[in-house]
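Enquirer: This structure is in structure tokens; I'll ask about it shortly.
Just so it is clear, none of the values below were taken in a lab; they were calculated from the coordinates. Model, not experiment: these values are computed from the prediction. Note: ideal-geometry Cβ built from the backbone for every residue, glycine included; neighbour counts use all protein chains shown.
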């Protein structure tokens, strides 16, 4: 639930599942993968290396600007 002191109404963000909370350094973020459009709410794509049995795989995480998204929806004061 987002703090209703900064939003026009109570807003919750629903996710399917949260397995972990992670911190990434700037080297993991690909900011050139965004459209470059100021109206885009995508800040970057995070490339996360993981191991699956014997293989190393790269998972992609989309980094969203939630505050800007809510502002465009008229939900942030």
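Enquirer: If we sort 16-29, 54-67 on the protection proxy, mean other Cβ atoms within 10 Å, highest first, what's the order? Walk me through the numbers on the way to the answer.
Expert: Working: 16-29: 7.6, 54-67: 11.3.
Ranked from most to least packed, the peptides come out as 54-67, 16-29.
Enquirer: While we're here: So for the pair residue 59, residue 14, with labels modelled 7 Å out along Cα→Cβ, what separation do we get in nm?
Expert: 2.2
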